[in-house]
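Asker: Got a structure for you, written out below as structure tokens; questions coming shortly.
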Amino acid sequence: MSGRLVIVAGAPAAGKTTLALALGASLELPVITKDDFKEAIATPFATGDIAWSRQLGSAAYSAMFIVAERILAAGQGLVLESNFRRGMSDAPLQALARLAPTVVIVCRSPDALRHKRYEERAGTRHRVHIESAILAEWVSDDSETMIDIGSPRLIVDTTDGYSPSMDEIVAFARSATIPQAMKREWPVDWSERVRGKDCPMCAEGRLEVAHGSSRIFEGRVSDAYLVRNDVGQRGYSVVIWRGGRHVSDPTELSKDEASTYFDEVLRVGRAIEKHYRPIKMNFEMLGNSLPHLHTHVVPRYLDDGEPGHPPHFMRIDLQDEPKIPEQAYARDLTALRELLRD
Ligand SMILES: [Zn+2]
């Protein structure tokens, strides 16, 4: 792995961008900043209010994380700069940190100085930054931006130049490693789990609501659930093997079991096709974290953001995704259950 990830964080006007650019030059790495994405995304739109700016910010984060992932997955490195927030940014940054040796550098300076710097540069920045609103709601406490994702972290005081020095910051960035705790490894009891040890899908029985998602189909050997999280793929459903015994891979099924299971999976797939009219259907049997046979049924759309590739959300933690609005979810449940009626 030749690439490395250098994350530069800090509150507004803490000197992040200047430091990120200097680091990029020293380490010969591209510098990817959220503001670049945000400004580019804003181009076709008329200037709006602070809510508009925050929406663009959210879009910019999504775009930036995908680009960063692609760069790191290709073995290349980058400097990633934004006013990342504790909690909100942790999961996507940790996902990136698993792809390459990573360090976090947090820029800090006294609040009065940040406020003064921000005021001074107001009006010189892109119209997407609604500076008056940010100044009106100025957050003097920068603890929210002191991100800690488990990778080695360096706090840099930017009050007057850099402390520690630029040379020391560069040396720290060069020392990046993947911490042991974040390396991906199969659990030590994996083979027992594959055989059914502590299997939550076996233990739960045939639920009407599983993991927050409602059942749309109760088959002979499976239950299908419409996933309640909004992963950006309307209609994403999971069919779970409920054939009365633990099965990890479909190769363990008898001919009759396999035929019944796949008939049921396809039946769910056809209902989803009919209701959502996707341009392609994906059926994914992975089970790499929970080895009990289940099939992800994923309708794909022209605008789903991952043409030519598996959907991005399969690699992230669904817990963090927002929920589908209640009315839309209820409407889809009714329609799918109707299509799946005997
Ligand atoms: Zn099981």
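Read-outs throughout are calculated quantities, based only on the coordinates presented, and are distinct from any laboratory measurement. None of these values were measured; they are calculated from a predicted model. Every residue, glycine as well, gets a Cβ built from its backbone with ideal geometry; the counts of neighbours run over all protein chains shown.
Asker: What nm distance separates the two modelled labels at ASP342 and GLU28, each placed 7 Å from Cα along Cα→Cβ?
Answerer: Reported label-point gap for ASP342 and GLU28 is 7.0 nm.
Asker: Bins of 10 Å, beginning at zero and ending with the bin holding the largest distance: percent of Cα pairs per bin for segment 252-342, please.
Answerer: The distribution over segment 252-342 is 13, 38, 40, 9, 0, given as percents.
Asker: Pull out the extension gain between ASP198 and ALA73, defined as 0.36 nm times the separation in residues minus the alpha carbon to alpha carbon distance; nm, one decimal.
Answerer: 41.7 nm
Asker: Also, I was wondering about something else. Quote the Stokes-Einstein diffusion coefficient, in whole µm² s⁻¹, for segment 188-342, based on the Kirkwood radius over alpha carbon pairs, a temperature of 4 °C and a viscosity of 1.567 mPa s.
Answerer: D = 81 µm²/s.
Asker: Check every DSSP H run in the chain and write down those whose alpha carbon atoms cover 18 angstrom or more along the long axis and whose mean Kyte-Doolittle hydropathy is -0.5 or greater.
Answerer: Membrane-span-like by this rule: 50-73.
Asker: Give me the number: length gained by fully extending SER259 to SER143, i.e. 0.36 nm times residue separation minus the C-alpha to C-alpha distance, one decimal in nm.
Answerer: 36.1 nm
Asker: Right, another one. Please list, by residue number, everything in segment 265-280 whose backbone N is under 18 Å from a paramagnetic label point 7 Å out along Cα→Cβ of LEU290.
Answerer: Backbone N within reach: 265.
Asker: Residue-wise, which Karplus ³J(HN,Hα) couplings in Hz belong to segment 199-212, taking 6.51 cos²θ - 1.76 cosθ + 1.60, θ = phi - 60°, and x for glycine or proline?
Answerer: Couplings: 6, x, 6, 6, 5, 6, x, 9, 7, 6, 10, 10, 6, x Hz.
Asker: Which value, to two decimals, describes the C-alpha radius of gyration of segment 131-266 once divided by 2.2 N^0.38 Å?
Answerer: 1.77
Asker: With both partners inside the chain, how many of the DSSP beta bridges are antiparallel, as a percent to the nearest 5?
Answerer: Counting DSSP beta bridges with both partners in the chain, the antiparallel share is about 55 percent.
Asker: Once every DSSP H run of n ≥ 4 in the chain is given -39500 (n - 2.57) and the sum is divided by its residues, what mean residue ellipticity at 222 nm do you get, rounded to the nearest 500 deg cm²/dmol?
Answerer: Helix-only estimate at 222 nm: -11000 deg cm²/dmol.
Asker: Taking 0.36 nm per intervening residue step and subtracting the Cα-Cα distance, what contour gain separates LEU154 from ARG86 on full extension?
Answerer: The LEU154-ARG86 span can extend by a further 22.9 nm.
Asker: Sticking with this one: Divide the volume of the convex hull of the Cα atoms of segment 5-182 by its number of residues and quote the answer in cubic angstrom per residue.
Answerer: 112 Å³
Asker: Which of THR47, THR18 comes first, and how do the rest follow, when ranked by fewest Cβ neighbours within 10 Å?
Answerer: If I rank by nearby Cβ atoms, fewest first, I get THR47, THR18.
Asker: Kindly write out, for segment 223-235 in residue order, the coupling ³J(HN,Hα) from the Karplus curve 6.51 cos²θ - 1.76 cosθ + 1.60 (θ = phi - 60°), rounded to whole Hz, with x marking Gly and Pro.
Answerer: 3J(HN,Hα) across segment 223-235, in whole Hz: 10, 10, 10, 7, 5, 6, 6, 8, 9, x, 10, 3, x.
Asker: Right, next: For segment 74-129, how big is the tail of P(r) above 18 Å, as a whole percent of Cα pairs?
Answerer: 53 percent
Asker: So if we plug the beta-carbon distance of ARG125 and ASP167 into 1/(1 + (r/R0)^6) with R0 = 45 Å, what FRET efficiency do we get, rounded to 0.05?
Answerer: 0.90
Asker: Rank the residues ILE130, ILE272, ILE240 as a footprinting-exposure proxy: fewest other Cβ atoms within 10 Å of their Cβ go first.
Answerer: Sorted ascending by nearby Cβ count, the order is ILE130, ILE240, ILE272.
Asker: List the chymotrypsin sites (Phe, Trp or Tyr not before Pro) within segment 1-64 that fall in a DSSP loop (any state other than H, G, I, E or B) and whose Cβ has at most 12 other Cβ atoms within 10 Å.
Answerer: Answer by residue number: PHE45.
Asker: Please report LEU253, LEU93 as a ranked list, fewest other C-beta atoms within 10 angstrom at the top and most at the bottom.
Answerer: With the sparsest Cβ surroundings first, the list reads LEU253, LEU93.
Asker: What are the ³J(HN,Hα) couplings of segment 188-198, residue after residue, when phi is run through the Karplus curve with 6.51, -1.76, 1.60 and θ = phi - 60°? Round to Hz, x for glycine and proline.
Answerer: Result, ordered by residue: 4, 9, 3, 5, 5, 5, 4, 7, x, 4, 6 Hz.
Asker: Okay, next question. From the C-alpha gyration tensor of the chain, pull out the three semi-axes of the equivalent ellipsoid (sqrt of 5λ each), sorted largest to smallest, in whole Å.
Answerer: Value: 44, 25, 16 Å, ordered largest first.
Asker: Would you work out which of ALA203, MET166, HIS309 lies farthest towards the positive end of the dipole of the chain, given +1 charges on the beta-carbon of Lys and Arg and -1 on that of Asp and Glu, about the Cα centre?
Answerer: Working it through, the farthest residue towards the positive pole turns out to be HIS309.
Asker: Going by amide H atoms built from the backbone, whose H comes under 5 Å of the H on VAL8, apart from near neighbours?
Answerer: Long-range HN contacts for VAL8: LEU80, GLU81, SER82, ILE105.
Asker: Moving on to the next point. Residues with amide H under 5 Å of ILE216's amide H, sequence separation 5 or more or different chain, H placed in the peptide plane at 1.01 Å from N; which?
Answerer: Counting only residues 5 or more places away or on other chains, the set is ALA224, TYR225, LEU226.
Asker: Treat each spin label as a single point 7 Å out from the Cα along the C-beta direction, and report the TRP52 to LEU135 distance in nm.
Answerer: 2.0 nm
Asker: To the nearest 20 Debye, how big is the dipole of segment 5-182 about its Cα centre, given +1 on the beta carbon of each Lys and Arg and -1 on that of each Asp and Glu?
Answerer: So the magnitude is around 340 debye.
Asker: What translational D, rounded to a whole number of µm²/s, comes out for segment 1-89 from Stokes-Einstein when the hydrodynamic radius is the Kirkwood one over Cα pairs, at 25 °C and 0.890 mPa s?
Answerer: Taking Rh from Cα pairs, D becomes 179 µm²/s.
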